[in-house]
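Participant: Submitted below is the structure of interest, expressed as structure tokens.
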Amino acid sequence: QSHKDGRIGATAATPDSLDSKLQQFKDAELDSVSFQEYDENFPHSLLTVGFDGRPGGPSWYINTRDNEEAHGPGGSKNVYALTDEADPCFGRVVHGFEVVEKLQNVPVAPNGFYTHYPVIQNAYVKSEHPE
């Protein structure tokens, strides 16, 4: 899903396979983040990657602008019961910025979903401990 609120949404499925993929995540007990472990050292700044929703996962998003006010502590007022909670960020785009720009320009339908779905073919963990 492409969000006009400064995020590019993603999930491990296409519209045709979404139900079966989500069931696979549920069966493996990977369908949510147990705790919304927001850390001020990992704010929702430009090009950070965060888990989506309450509880978060398996969907995620790339912040395409500073989203700390909307998705950091207190940003979920009137949306979730735990209003002080925040979406946890777990990574940052470190190269391939032109791909993020291309994703921002993929056409979306009036409902905000992509009219055709781009596929992320490769992603990797650069470092387990940011410097």
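The values are calculated or read from the model by the stated rules, or taken from the named source; none is laboratory data. None of the values given here were measured: they were computed from a predicted structure. As a convention, Cβ positions derive from the backbone with ideal geometry for all residues, glycine included, and neighbour counts pool all protein chains shown. For the accessible areas, the whole protein counts, side chains as well, though only heavy atoms, and no ligand, DNA or RNA atoms are used. Shrake-Rupley method; radii C 1.70, N 1.55, O 1.52, S 1.80 Å.
Participant: Of all residues in region 31-53, which are at pLDDT 70 or above and either more than 17 Å from Gly91 (Cα to Cα) or assigned to a loop (DSSP other than H, G, I, E, B) (or both)?
Facilitator: Glu37, Tyr38, Asp39, Glu40, Asn41, Phe42, Pro43, His44, Ser45, Leu46, Leu47, Asp52
Participant: Now for a different question. Kindly indicate the residue of region 92-117 that is of a type in the set (Val, Ile, Thr) and open to solvent by 30 Å² or more (accessible area, probe 1.4 Å) and also nearest to Pro43 (Cα to Cα) among those meeting that condition.
Facilitator: Looking at the filtered set, the residue picked out is Val94.
Participant: Looking at Val93, is it among the aliphatic types (A, V, I, L, M) and at pLDDT 80 or above?
Facilitator: On the way: among the aliphatic types (A, V, I, L, M): yes; at pLDDT 80 or above: yes.
Against the criterion (among the aliphatic types (A, V, I, L, M) and at pLDDT 80 or above), Val93 qualifies.
Participant: Could you run through region 54-65 and say how many residues are at pLDDT 85 or above and buried (at least 16 other Cβ atoms within 10 Å of the Cβ)? Quick ask: steps written out before the conclusion?
Facilitator: Taking region 54-65 and keeping what is at pLDDT 85 or above, we get 61-65.
Right, trim to buried (at least 16 other Cβ atoms within 10 Å of the Cβ) and you get 61-64.
Residues that pass the stated criteria total 4.
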